[in-house]
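Only one structure is covered here, and it is reproduced in the block below.
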Amino acid sequence: MSTYIRQIKKNVWKWKNENGIFSVKKYPTVEQAEKIRLIHKELEYMEKPFILPIIESTQEDFIIQPWYKGDHTVSYRFKEDRKAVHLLLSQIHDTNKLVDWEDSNLFYSFNLISKWQNRKWKMNEISFFIESHIGWEQTKFLLLCGDIALRNMKPFNMEKRTLLHGDVVHHNFLSDSSDYKIIDFDLAVIGPREMENILWMHRVLPEINYDIRLLIHEFPHLEKVVRRYKEAMMYPNELYREWLYAYSLPKERKQKFIEQLIPYTNKALTEWPNLCYTLSKL
């Protein structure tokens with residue numbers, strides 16, 4: 001059997017040996033790797049584990065796991081995938097009934113509003129860059145949406161905290177013909193589940209033409225979250241993150257990314273007034 005090790009990212013390798021194929025990830029600190037081990041240790045005892053096991057290693061700052069090859073890419077465009085992913089997140093959030101995550105001192109308490117205030121401040125700093133690509137009026141509207149949302153945003157109840165995955169992008173969920181798995185707990189934090197539900201809905205909305213009523217119809221229990229945190233739903237988080245990322249890219253990658261970001265932005269800003277109106281009427 002052939003063996004090889006191939007670098008996938010700066011700190012991730014695909015390793016094939018006589019025992020199979022594995023993912024190998026190096027963490028900046030032992031404490032960060034220990035956080036991942038703790039999460040997997042607690043979650044692997046669930047009735048139907050939805051994580052990949054960790055292979056024991058003498059290197060404390062490395063995490064080794066079996067390489068999982070799904071048969072389709074999870075996409076929030078598909079109802080089946082939306083249902084499956086949200087179920088996984090709900091199962092993670094429910095673990096606070098069994099696990100005292102805060103007792104480990106490996107997680108920090110996540111404050112979404114503080115993060116969004118900082119993100120809006122950074123957007124103001126690069127407004128000249130955004131304006132050069134989408135024009136003054138669109139840039140002004142984009143920044144105004146964040147200002148209004150932050151000004152009226154209700155605080156979250158920080159007393160009811162649980163484990164949050166921290167990065168609910170679709171490619172952190174893997175699927176084969178019979179199962180779904182969740183990976184990459186690097187950004188896992190402690191916080192109220194409502195925060196992650198809102199971040200997840202922000203990820204989903206662009207894939208369903210910003211139809212918030214459709215999302216509530218599919219997930220009726222989220223209506224209470226949407227109603228209470230309307231302003232958080234109105235915050236253009238996805239657009240802010242993508243423009244900040246575009247600004248940070250090296251010149252050779254920047255232009256290609258922006259060519260995709262501009263139509264995405266125009267679509268979002270076209271739909272935003274209707275989204276905010278619908279939210280205000282709930």
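Read-outs throughout are calculated quantities, based only on the coordinates presented, and are distinct from any laboratory measurement. What you are looking at is a predicted structure, and each value in this text was computed from that prediction instead of being measured. Counting neighbours? That spans all protein chains shown, and the Cβs are built from the backbone with ideal geometry, glycine included.
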In sequence order, calculated HN-Hα J values of region 167-183 (Karplus, 6.51, -1.76, 1.60; Hz; x Gly/Pro): 7, 8, 4, 4, 7, 8, 10, 10, 9, 10, 5, 10, 8, 10, 10, 10, 10
Stretchable slack from HIS72 to SER109, in nm (0.36 nm times residue separation minus alpha-carbon distance): 9.9 nm
Computed magnitude of the charge dipole of the chain (debye, nearest 20; Cβ of K, R +1, Cβ of D, E -1): 700
Footprinting exposure proxy for PHE173, PHE22 (fewest neighbouring C-beta atoms within 10 Å first): PHE22, PHE173
ASP184/ASN124 FRET efficiency (R0 30 Å; Cβ-Cβ; nearest 0.05): 0.50
Entries in LYS41/LYS97; LYS83/LYS281; LYS26/LYS115 that, when Cα-Cα distance is taken, lie over 19 Å: LYS83/LYS281; LYS26/LYS115
Relative packing of peptides 57-64, 251-258 - highest average C-beta neighbours within 10 Å first: 57-64, 251-258
Mean shadow area of region 1-67 over all directions, Cα convex hull, nm²: 5.0
Total charge dipole magnitude, region 1-67, about the Cα centre, Cβ charges on Lys, Arg, Asp, Glu only, Debye to nearest 20: 460
Separation of the LYS140 and LYS251 label points, Cα + 7 Å toward Cβ, nm: 3.2
For the chain, built as a Gaussian network whose Cα springs stay under 10 Å, the top-fluctuating residue of ILE39, ILE182, ILE126: ILE126
Estimated inter-spin distance, ASP100 and ASN19, nm [label 7 Å along Cα→Cβ]: 3.4
Coordinate range along principal axes, alpha carbons of the chain, Å, largest first: 59, 47, 37
Relative contact order %, region 18-122, counting alpha carbon pairs below 8 Å whose residues are six or more apart: 26
Signed unit charges on C-beta, dipole axis of the chain, positive-most listed residue GLN255, VAL226, ILE208: GLN255
Förster-model FRET efficiency, 35 Å R0, TYR264 and ILE55, C-beta, rounded to 0.05: 0.35
Selection from ALA84, LEU106, GLN32, by position along the positive dipole direction of region 32-151 (Cβ): ALA84
Theoretical ellipticity at 222 nm over the chain - DSSP helices of four or more residues, -39500 (n - 2.57) apiece, nearest 500: -16000 deg cm²/dmol
GNM top mover of LEU163, LEU261, LEU174 - the chain, alpha-carbon springs below 10 Å: LEU261
Cβ-derived FRET efficiency at R0 25 Å, LYS41 paired with SER177, nearest 0.05: 0.35
Gain on full stretching of the segment that runs from LYS26 to HIS133 - 0.36 nm per residue minus C-alpha separation: 34.8 nm
Unit charges at the beta carbon, dipole of region 1-67: most positive-side option, TYR4, PRO66, SER23: TYR4
Distance between modelled label sites at ARG151 and ARG213, nm, 7 Å Cα→Cβ extension: 2.8
